[in-house]
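Here the structure comes first, spelled out in structure tokens, and everything after it is commentary.
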Amino acid sequence: MPYTLPKLLFIALFTMQGSAIPYLAIFYDQALHLSSNQIGILLAIAPFIQSVACPVWTLVADRWPKWHGTLMAVLALIGGSAIVSMSLLPALLIDKEDLTMPFTCVLALMFAFFGSPLMALVDSAVLKILGNHKILYGEQRLWGSISNGLSILAVGLLISATGNNLNVAFYVFAAGSVLFIVLSLFAKVESNDDSMLEDDLDQDTRPLLKNNLAPNYVWPPDQPADSEDDDVQSSVVTQHQGQLVDRRDSRISFANTVLSDEHGHRNSLRLHRTSTSMARDVHLEASELMESLDRIPSLGLALSHIPSMESSLAFLIPHPEEDNIAPPPSSLKSRKVITFLLSMLIFGVSFSMINQFLFLYLRNDLGVDSSILGWTGPVGGITEVLTFWVSKQLFDRFGVTVLMVSAHCITIVRSSLYTLLVPGSPMTSAFALALQTLNGIAFATIWSTAVSEVDSFFPPEQRAIAQGTLAALHMGAGFGIGCVVGGMIYEALGAHALYHAASLLTGVSLVIFLIGRIKSS
């Protein structure tokens, strides 16, 4: 199996993410006896801190690339130890309830700063390991998605089988952490493995690897012709789908670039690539390839086309060696841009309110068994991946407005239907799983559409930091605010009020989005 290490890294990391993390709200409630207000604050720490930690640790990894694997191992050790230590708090703080919240906050902060950025670091490590074959990124991450769904399911089944012993979630988390640390120490992220044979690739990705030349590098279409490296002194053409294209008239990747010097010799150009530039390039390269296809792309290629929110967060701080330029004030003053970003922020708030307290609601208010909670992992994961798979075709056929309206309406329906579930009814568990399929569809639709829309707002050299801003608003501020507000509503008014409020906020987000689509007279 080609590129085994990247797949194992994603499997181990998503085992961590899919074990203890989804069940923390229940642990805070049942084991630590915290209020919904306090739970909301604890859940909000990770999104807020992650927005800062992801770009910081990505810059560190790019500054000292040979220590990238060691850095991941150290961060996993510190962040993982914080989560595992939470399981010890009920025994250590007996008769010291006033210390429970402060100690839990410290541990949550440790995990948020050291553990949460691991996703972005693994993304960048895998891209570096893939070298010239970055287009295969999606095939590697797919294994992580599978691992995440199976981990949530396994933990749910184990909790149910052990008489609701929540500690089993931390055991699985610890096992995943140990595996991840070991794999990270063996990861040589500076390697540029060119050994993969073309026969190992599917028919969608094979054309990009012909001639096995330089790493990906997107040349902006407005780059002047006289800006070439003085040391190269060459004319540059790009081989794409069997044709030679002048780079000054194209935005395609440097993946298959041939340099012809004054003596007619062919050389490959190797440039220093940072995590943010490589993530941008694989997104653009996948976009270019998918444009040339007349059918649904392979699943791996489709996933390469969609940058993860964690990778997007890493774009927030421009790398000193790159020409990331902040979007000009004129762009940010556009009503269409402002309303779209504001809509994504508010949608992030409502989406967080629905999902962060879902397990707590299903378990405490509806009496759903932990095994059913576990099944929400693969059920939601499958629909999410399948929606990402066809997202490009949906975008091309229906456009931004239809997809954004659909995602909002799906979320409103889902949130409203949760309030109609009857506690203890035999059908409640089945309906809860059915509603979880809507979660995967809504999330994949909203994020894939948002990435494509933000790309259309800004020129190529500004899209990276624009995507970082989008992720920070939606995943950072939106998710964080949603946790705090959701906890307050849950504590004061109950779960039904929480989900009705989430429906209302989603409606507000939709109205703001539509206002931005109205053409000025």
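Data overview
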quantity: Scan of region 49-65 for residues that are closer than 25 Å to Phe103 by Cβ and either crowded, with 19+ Cβ neighbours inside 10 Å or modelled with pLDDT of 95 or more (or both), ordered by number; calculated: Ile49, Gln50, Ser51, Ala53, Trp57
quantity: Single residue of region 388-399 satisfying the filter (crowded, with 22+ Cβ neighbours inside 10 Å and in contact with a Ser or Thr (Cβ under 7 Å, 6 or more places away or on another chain)) that is nearest to Gly18 (Cα to Cα); calculated: Phe388
quantity: Residue within region 422-432 that is at positive phi and either touching a strand residue (DSSP E or B) at 6+ places or on another chain (Cβ under 6 Å) or not in a helix (DSSP H, G or I) (or both) present; calculated: yes
quantity: Residue within region 481-501 that is more than 13 Å from Ile354 (Cβ to Cβ) and within 20 Å of the chain's Cα centre (by Cα) present; calculated: yes
quantity: Residue that is touching a helix residue (DSSP H, G or I) at 6+ places or on another chain (Cβ under 7 Å) and either of a type in the set (Asp, Glu) or within 14 Å of Ile21 (Cα to Cα) (or both), where the choices are Leu166, Leu142, Leu121; calculated: Leu166
quantity: Matching residues, region 94-131, being over 18 Å from Leu13 (Cβ atoms) and part of a loop (DSSP other than H, G, I, E, B); calculated: Ile94, Asp95, Lys96
quantity: Residue within region 408-431 that is surrounded by 18 or more Cβ atoms within 10 Å (Cβ to Cβ), of a type in the set (A, V, I, L, M, F, W, C) and under 30 Å from Arg295 (Cβ atoms) present; calculated: yes
quantity: Residue in region 461-480 that is among the hydrophobic types (A, V, I, L, M, F, W, C) and over 16 Å from the mean Cα position of the chain (by Cα) present; calculated: no
quantity: Residue, nearest to the chain's Cα centre (by Cα), within region 376-387, restricted to residues that are surrounded by fewer than 20 Cβ atoms within 10 Å (Cβ to Cβ) and among the hydrophobic types (A, V, I, L, M, F, W, C); calculated: Val385
quantity: Residue within region 70-81 that is aliphatic (A, V, I, L, M), surrounded by fewer than 20 Cβ atoms within 10 Å (Cβ to Cβ) and at pLDDT below 90 present; calculated: no
quantity: Elements of type helices (runs of 4 or more DSSP H) in region 433-521, at least 1 residues being farther than 27 Å from Ser287 by Cα and in contact with a helix residue (DSSP H, G or I) (Cβ under 7 Å, 6 or more places away or on another chain); calculated: 479-493, 495-517
quantity: Filter pass, Gly424 being in the same structural domain as Phe395 (by TED's automatic domain parsing) and at pLDDT 90 or above; calculated: no
quantity: Ser177, sole failed condition from (1) out of contact with any Phe, Trp or Tyr (no Cβ under 6 Å at 6 or more places or on another chain); (2) buried (at least 24 other Cβ atoms within 10 Å of the Cβ); (3) closer than 21 Å to Gln436 by Cα; calculated: (3)
quantity: Region 393-421: number of residues that are at pLDDT 95 or above and among the basic types (Lys, Arg); calculated: 1
quantity: Which listed residue is at pLDDT below 95, buried (at least 24 other Cβ atoms within 10 Å of the Cβ) and either closer than 28 Å to Pro117 by Cβ or not assigned by TED's automatic domain parsing to the domain that holds His283 (or both), from Phe357, Phe315, Phe347; calculated: Phe315
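The values are calculated or read from the model by the stated rules, or taken from the named source; none is laboratory data. As the structure is a computational prediction, the values presented were derived from the model and not from experiment. Don't worry about glycine lacking a Cβ; one is built from the backbone with ideal geometry, like all the others, and counts go over all protein chains shown.
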